[in-house]
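**Student:** I'd like to ask some things about the structure below.
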Amino acid sequence: MSHWVPLCRLRDAPAEGEVVEAEAEGRSICLARHNGALSALDNWCPHRQGPLGQGWIEGGAVLCPWHAWAFDLQTGVAALPERATVDVFPLRLEAEDVLIDLQSGEPAEVTR
Ligand code: FES
């Protein structure tokens, strides 16, 4: 079942190669733009709860600002350790709003 809610205005989404923190219904989200596509991941790193939305992008992954674990922007899977993952949420655009599906954990991205 889907649960689409507003995440941010499109104008507030990160620029190419950047990440920001956003919030939807009290859930903290790491919103990133890489190769023109927006990706939304759970903001809290499973290592020690570092804020991924304060990290940076390298090679299609967002790096945690605390100890540099790298999570793939499409799958949420960390390069090392291999079992570390964060949820990745579907996004869609509606007019000038970025919407997020908080119920689904399936990888997705939007371009614009
Ligand atoms: S808290 Fe994210 S790598 Fe340590």
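**Student:** When the residues of segment 68-89 are narrowed to those that are among the β-branched types (Val, Ile, Thr) and not in a loop (DSSP other than H, G, I, E, B), which ends up farthest from the ligand (Cβ to nearest atom)?
**Tutor:** The selected residue is Val88.
**Student:** For the structure I just gave you, tell me whether Arg11 is under 16 Å from Asp97 (Cα atoms) and basic (Lys, Arg).
**Tutor:** Yes, satisfied.
**Student:** Tell me which residues, restricted to segment 1-29, are assigned to a loop (DSSP other than H, G, I, E, B) and of a type in the set (A, V, I, L, M). Write out each step before concluding.
**Tutor:** Keep residues of segment 1-29 that are assigned to a loop (DSSP other than H, G, I, E, B), which gives 1-3, 13-18, 25-26.
Of everything in segment 1-29, those that are assigned to a loop (DSSP other than H, G, I, E, B) and of a type in the set (A, V, I, L, M) turn out to be Met1, Ala13, Ala15.
**Student:** Let me ask something else about it. Checking Ala32 against (1) in a loop (DSSP other than H, G, I, E, B); (2) within 16 Å of the ligand (Cβ to nearest atom); (3) open to solvent by less than 30 Å² (accessible area, probe 1.4 Å): exactly one of these is not met. Which one?
**Tutor:** Looking at each condition in turn, Ala32 falls short on (1).
**Student:** Which members of segment 54-74 meet the condition of being open to solvent by less than 20 Å² (accessible area, probe 1.4 Å), in contact with a Leu (Cβ under 7 Å, 6 or more places away or on another chain) and over 13 Å from Asp42 (Cβ atoms)?
**Tutor:** Gly60, Ala61, listed by residue number.
**Student:** Restricting attention to segment 50-67, and to residues there that are part of a loop (DSSP other than H, G, I, E, B) and more than 6 Å from the ligand (Cβ to nearest atom), which single residue is nearest to Asp12 (Cα to Cα)?
**Tutor:** The residue in question is Gly55.
**Student:** Kindly indicate which of Val20, Val77, Val98 is of a type in the set (Val, Ile, Thr), at pLDDT 95 or above and crowded, with 20+ Cβ neighbours inside 10 Å.
**Tutor:** Numbers: Val20 fails: crowded, with 20+ Cβ neighbours inside 10 Å; Val77 fails: crowded, with 20+ Cβ neighbours inside 10 Å.
Just one listed residue meets the conditions, Val98.
The values are calculated or read from the model by the stated rules, or taken from the named source; none is laboratory data. What you see is a predicted model, and the numbers here were worked out from it, not measured in a lab. Counting neighbours? That spans all protein chains shown, and the Cβs are built from the backbone with ideal geometry, glycine included. These accessible areas exclude ligands, DNA and RNA; they are computed on the full protein's heavy atoms, side chains included. Shrake-Rupley method; radii C 1.70, N 1.55, O 1.52, S 1.80 Å.
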